[in-house]
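The values are calculated or read from the model by the stated rules, or taken from the named source; none is laboratory data. Predicted, not measured: the structure shown is a model, and the values here were computed from it. Note that we place each Cβ from the backbone using ideal geometry, even for glycine, and neighbour counts take in every protein chain shown. The area values use the complete protein model at the heavy-atom level, side chains included, leaving out ligands, DNA and RNA. Shrake-Rupley method; radii C 1.70, N 1.55, O 1.52, S 1.80 Å.
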Amino acid sequence: MKKLLLNFIFIVLGFSAFADYNSYDIPDSAEIRRTIVNSWLTPELNTLRNYKEQFKDNRVGVTYQIRLEESDDEFSVVVAPRSEIDINMINGDTVKTVRAAVYPKGAAGSWILYRSKNKGEQPLRVEYYFNQDSDVYLQFRPEGTKTYADLIICGSYAARSVLVGVPFNRLYTASFHEVRNWTKKSLPWDKVTVLKNQYTNTLIMAGTIRNNLDSFTFMDDASYDEHGKLKSIFTGKDILVMDEYGNPVSAEELKKKHFLSGAGFLKWIVDGIVEPYRGYGTAIQQLTVPTMEFNSVGKNGVMSQDWNLTFTLDWCRNLASEAYSIRSSRHGDYKSAGLDVNYNYFSSEIVDGKILNSTGYLKNTGYSADHLKSMLYVLAVTEPEWFYLGAIRQGSAIKADDLVFNNCIVFFPYFDRNGKFGCFIFEQGEEISMDKFLEKYSGAYVHLERVKATEAFFPYEKK
């Protein structure tokens with residue numbers, strides 16, 4: 001009997017500890033919140049304004065800060081775990097680095113209750129942060145007697161207004177483990193369940209490209225052919241590289257530098273996969289083969305008789321097809337190989353604080369560049385060790401209202417050892433940040449083609 005009793009106690013204590021630290025490897029504040037329902041979660045705002053921040057430890061020793069925050073229309077009670085950051089302390093000519101405790105509201109393990117200032121201080125929503133990225137979180141909202149859940153990824157709704165069969169105030173004390181179980185069949189958890197240490201080849205390729213960036217000089221219309229000779233993409237003729245004074249660049253300089261257009265740069269990357277296997281790279285003429293047709297009497301059909309409206313879309317699709325053929329040892333075009341990324345993962349998007357229906361994937365157009373980060377995040381979760389060639393569709397230089405595929409880019413999404421999302425982005429022989437990409441291509445569309453990353457990446461080198 002004593003043995004049975006001890007086993008029962010062990011099971012109960014084991015479950016309680018699990019509630020404080022769950023399978024997502026993040027701390028949990030459920031035990032703490034059960035002690036502050038009356039003191040922090042339900043009192044009036046004027047009462048909360050008299051409180052100073054409070055600190056409590058959960059069962060596994062993680063310190064949480066409980067505090068009030070206010071905006072114009074809302075106030076919130078934040079229950080956030082301790083994190084540490086390095087701060088440089090400057091004293092005259094000396095700099096000393098010290099570690100400081102911080103309690104960011106979007107840290108993994110944070111829990112936040114929002115209430116209205118204008119509607120009788122009623123609860124508006126509860127947010128659970130379970131991810132190393134603060135723009136990925138789970139949200140619950142009350143509507144009458146019902147509770148609805150939203151799963152938000154980088155400003156896009158992977159799920160919205162999913163009914164959850166629990167009273168809203170039950171969330172005041174529920175652990176993340178519990179809410180995960182309540183929604184395991186109704187929310188797309190597979191889109192946010194990060195598995196670490198699956199991005200070795202992605203990082204190898206991105207690192208190799210980074211190490212070569214100093215050797216690139218942008219040159220419009222330039223690409224190496226399958227034998228490494230510099231050619232014009234559109235005429236097929238040899239290119240004579242001239243310096244800024246109009247003189248031919250020396251043979252020594254040609255050995256040190258890669259003179260390439262944006263399209264030629266992406267070809268250089270894919271040739272680093274293709275050439276080691278078959279001894280030569282991709283042929284330029286194969287990459288310009290059209291991949292879509294226009295109605296001959298329609299606007300685009302008429303325009304396409306004089307202008308190439310789909311240059312980089314064709315280029316990226318054909319490049320991805322060449323990489324696929326090498327990997328699979330059989331020829332396949334972008335359609336048969338399923339190389340277009342054409343998923344519709346998101347139902348809605350947050351635009352300037354408003355919730356709008358998502359445009360999602362548009363055939364032969366792609367995704368809105370403004371919301372591409374959320375797409376790349378999910379692709380990093382669901383397709384580890386793949387990278388993506390992006391054909392950019394935007395207003396032409398001749399007439400802004402006419403959308404053409406005139407630029408291209410490459411994305412290497414990944415998660416680091418801590419499970420935090422990152423993405424290497426390269427275009428025209430340079431690396432750019434996600435923020436810079438979003439600023440530069442706001443309003444444009446990006447069509448993605450998937451290519452398998454490989455450790456056998458040996459890009460063409462000057463000899």
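Listed conditions (1) within 29 Å of Tyr367 (Cβ to Cβ); (2) assigned to a loop (DSSP other than H, G, I, E, B) are all met by Ala174, apart from (1). Set side by side, the residues Asp20, Asp28 differ, and just one is at pLDDT 95 or above, touching a helix residue (DSSP H, G or I) at 6+ places or on another chain (Cβ under 7 Å), acidic (Asp, Glu) and open to solvent by less than 20 Å² (accessible area, probe 1.4 Å), which is Asp28. Scanning segment 428-452 for residues that are in contact with a Gly (Cβ under 6 Å, 6 or more places away or on another chain) and surrounded by 21 or more Cβ atoms within 10 Å (Cβ to Cβ) yields Tyr445, Val446, His447, Leu448. Among the residues examined, Leu379 does not qualify as closer than 30 Å to Ala108 by Cα and surrounded by fewer than 18 Cβ atoms within 10 Å (Cβ to Cβ). No other residue among Phe421, Phe411, Phe415 is under 15 Å from the mean Cα position of the chain (by Cα), crowded, with 20+ Cβ neighbours inside 10 Å and without any contact (Cβ under 8 Å) to a residue 40 or more places away in the chain apart from Phe411. Residues in segment 123-144 that are hydroxyl-bearing (Ser, Thr, Tyr) and either under 20 Å from Glu178 (Cα atoms) or modelled with pLDDT under 95 (or both): Tyr128, Tyr129, Tyr137.
Taking every residue in segment 155-178 that is closer than 16 Å to Trp189 by Cα and pairing it with any residue that is assigned to a helix (DSSP H, G or I), at least 6 positions away or on another chain, the pairs with Cβ-Cβ distances below 7 Å are Ser156/His371; Ser156/Ser374; Ala158/Lys191; Val164/Trp182; His177/Phe18; His177/Ala19. Annotation: Ser71 fulfils all but one of (1) surrounded by 15 or more Cβ atoms within 10 Å (Cβ to Cβ); (2) at pLDDT 95 or above; the unmet one is (1). Per the conditions (1) of a type outside the set (D, E, K, R); (2) in contact (Cβ under 8 Å) with a residue 60 or more places away in the chain; (3) in contact with a strand residue (DSSP E or B) (Cβ under 9 Å, 6 or more places away or on another chain), the sole criterion not satisfied by Leu376 is (2). Scanning segment 64-89 for residues that are polar (S, T, N, Q), touching a residue at least 24 places away in the same chain (Cβ under 8 Å) and over 12 Å from Trp40 (Cβ atoms) returns a single hit, Ser83. Comparison of Glu244, Glu252, Glu275 shows that the only residue that is under 20 Å from Asp333 (Cα atoms), among the acidic types (Asp, Glu) and either surrounded by fewer than 22 Cβ atoms within 10 Å (Cβ to Cβ) or more than 33 Å from the chain's Cα centre (by Cα) (or both) is Glu275. Please determine whether any residue of segment 365-379 is touching a Pro at 6+ places or on another chain (Cβ under 7 Å) and closer than 25 Å to Met292 by Cβ. Yes, segment 365-379 contains at least one residue that is touching a Pro at 6+ places or on another chain (Cβ under 7 Å) and closer than 25 Å to Met292 by Cβ. Only one entry in Gln139, Gln132 is surrounded by 15 or more Cβ atoms within 10 Å (Cβ to Cβ), of a type in the set (S, T, N, Q), within 18 Å of Ser374 (Cβ to Cβ) and in contact (Cβ under 8 Å) with a residue 24 or more places away in the chain, namely Gln132.
Among the residues of segment 191-203, are any closer than 30 Å to Lys267 by Cβ, loosely packed, with under 13 Cβ neighbours inside 10 Å and out of contact with any Pro (no Cβ under 8 Å at 6 or more places or on another chain)? No, that holds for no residue. Going by what's in this entry, would Ser161 be described as under 24 Å from the mean Cα position of the chain (by Cα), surrounded by fewer than 17 Cβ atoms within 10 Å (Cβ to Cβ) and of a type in the set (S, T, N, Q)? For Ser161, the condition - under 24 Å from the mean Cα position of the chain (by Cα), surrounded by fewer than 17 Cβ atoms within 10 Å (Cβ to Cβ) and of a type in the set (S, T, N, Q) - is met. Take Ser156 and decide whether it is open to solvent by 20 Å² or more (accessible area, probe 1.4 Å) and either in contact with a strand residue (DSSP E or B) (Cβ under 6 Å, 6 or more places away or on another chain) or among the small types (Gly, Ala, Ser) (or both). Considered against the rule, which asks whether it is open to solvent by 20 Å² or more (accessible area, probe 1.4 Å) and either in contact with a strand residue (DSSP E or B) (Cβ under 6 Å, 6 or more places away or on another chain) or among the small types (Gly, Ala, Ser) (or both), Ser156 comes out as no. Scanning segment 317-365 for residues that are touching a Lys or Arg at 6+ places or on another chain (Cβ under 7 Å), part of a loop (DSSP other than H, G, I, E, B) and not hydrophobic (A, V, I, L, M, F, W, C) yields Tyr334, Tyr345, Ser347, Thr365.
For segment 164-176, which positions are more than 25 Å from the chain's Cα centre (by Cα) and open to solvent by less than 50 Å² (accessible area, probe 1.4 Å)? Val164, Val166, Phe168, Leu171, Tyr172, Thr173, Ala174, Ser175 - these are the residues of segment 164-176 that are more than 25 Å from the chain's Cα centre (by Cα) and open to solvent by less than 50 Å² (accessible area, probe 1.4 Å). Listed here are the strands (runs of 3 or more DSSP E) enclosed by segment 410-463 that have at least 3 residues being over 23 Å from Leu339 (Cβ atoms): 430-432.
None of Tyr414, Tyr460, Tyr445, Tyr441 is in contact with a helix residue (DSSP H, G or I) (Cβ under 9 Å, 6 or more places away or on another chain) and at pLDDT below 95 except Tyr460.
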